[in-house]
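Comments concern the structure below.
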Amino acid sequence: NAGVTQTPKFRVLKTGQSMTLLCAQDMNHEYMYWYRQDPGMGLRLIHYSVGEGTTAKGEVPDGYNVSRLKKQNFLLGLESAAPSQTSVYFCASSYPRETSSYEQYFGPGTRLTVT
Amino acid sequence: RKEVEQDPGPFNVPEGATVAFNCTYSNSASQSFFWYRQDCRKEPKLLMSVYSSGNEDGRFTAQLNRASQYISLLIRDSKLSDSATYLCVVGPPGGGNKLTFGTGTQLKVEL
């Protein structure tokens, strides 16, 4: 199993450009999450999904959109990038129904710089 | 008050030392507690869950004090490979999957 994978690993954007970050998991997890991690701020939840076709806002959703058209994929979109969105973005997944475990498994992260 | 608070460190300890980290949480109704480990420029990974009765995994011991709303992590016989940032993580009241992460405590184990 690959676990949770993220593409791309690195990206540099100019202010105003758009991009989509892709997260994929092969563990049949029900829940998926997008976080951003900034120095001194810890991990902050952007959006999450409790199942295919459903999404919900987290702590810092402004400037981001998400979609979960397939159970294994969770996409994070930046429509008009701003320098404040320079961060490391982590995707995570959890809750295989057969175990009811809340442990979250993380992808390797995407380092995004907006100039 | 932050939902989850940790001393950022760094804690610099010699190899073989015992080191302890504490973490406080603000919501007394929180149901689940975890310690995650994050290596430099890597993703967080679950180190251990924290149970009400306390639990041990090799050199690592986690304890929960609900009355004082803190959890602790004790590392015995520190190894160089233990150098990392340790994240205190708290689940929501009533259970569920929206975890709140602390900012982490940095540990550096030295020769």
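The values are calculated or read from the model by the stated rules, or taken from the named source; none is laboratory data. Everything numeric in this text was worked out from a predicted model, so none of it was measured. In this analysis, Cβ positions are derived from the backbone assuming ideal geometry, glycine residues included, and neighbour counts consider all displayed protein chains.
Evaluate the stretch B:11-32: report whether one residue or more is among the charged types (D, E, K, R) and either surrounded by fewer than 19 Cβ atoms within 10 Å (Cβ to Cβ) or modelled with pLDDT under 95 (or both). Checking the stretch B:11-32: at least one residue is among the charged types (D, E, K, R) and either surrounded by fewer than 19 Cβ atoms within 10 Å (Cβ to Cβ) or modelled with pLDDT under 95 (or both).
Going through (1) surrounded by fewer than 14 Cβ atoms within 10 Å (Cβ to Cβ); (2) within 11 Å of chain A (Cβ to nearest Cβ); (3) not hydrophobic (A, V, I, L, M, F, W, C) one by one, B:T103 falls short only on (1). For B:D77, state whether it is over 30 Å from A:Y48 (Cα atoms) and free of Cβ contacts under 8 Å to residues at least 24 places away in the same chain. So B:D77 does not fit the description; no.
Considering every residue within the stretch A:18-40, establish whether at least one is free of Cβ contacts under 8 Å to residues at least 24 places away in the same chain and either surrounded by 13 or more Cβ atoms within 10 Å (Cβ to Cβ) or of a type in the set (G, A, S) (or both). Steps first, answer last, please.
Going through the stretch A:18-40, the residues free of Cβ contacts under 8 Å to residues at least 24 places away in the same chain turn out to be A:39-40.
Then drop every residue that is not either surrounded by 13 or more Cβ atoms within 10 Å (Cβ to Cβ) or of a type in the set (G, A, S) (or both), which leaves A:40.
Yes, that holds for at least one residue.
Looking at B:S72, B:S68, just one residue is away from chain A (no Cβ under 13 Å) and part of a loop (DSSP other than H, G, I, E, B), and that residue is B:S68.
Please work out if B:R41 is loosely packed, with under 13 Cβ neighbours inside 10 Å, in a loop (DSSP other than H, G, I, E, B) and either modelled with pLDDT of 95 or more or within 14 Å of another protein chain (Cβ to nearest Cβ) (or both). Let's see the steps before the verdict.
Numbers: loosely packed, with under 13 Cβ neighbours inside 10 Å: yes; in a loop (DSSP other than H, G, I, E, B): yes; either modelled with pLDDT of 95 or more or within 14 Å of another protein chain (Cβ to nearest Cβ) (or both): yes.
Against the criterion (loosely packed, with under 13 Cβ neighbours inside 10 Å, in a loop (DSSP other than H, G, I, E, B) and either modelled with pLDDT of 95 or more or within 14 Å of another protein chain (Cβ to nearest Cβ) (or both)), B:R41 qualifies.
The stretch A:39-115 holds strands (runs of 3 or more DSSP E) entirely within its bounds, and those carrying 2 or more residues that are within 14 Å of chain B (Cβ to nearest Cβ) map to A:42-51, A:54-57, A:87-94, A:110-114.
Selection of first residues in the stretch B:15-44 that are over 18 Å from B:I75 (Cα atoms) and of second residues that are in a strand (DSSP E or B) and among the β-branched types (V, I, T), restricted to Cβ pairs under 6 Å at least 6 apart or on distinct chains, gives the following pairs, ordered by first then second residue: B:Y25/B:V4; B:Y25/B:V90; B:S30/B:V90.
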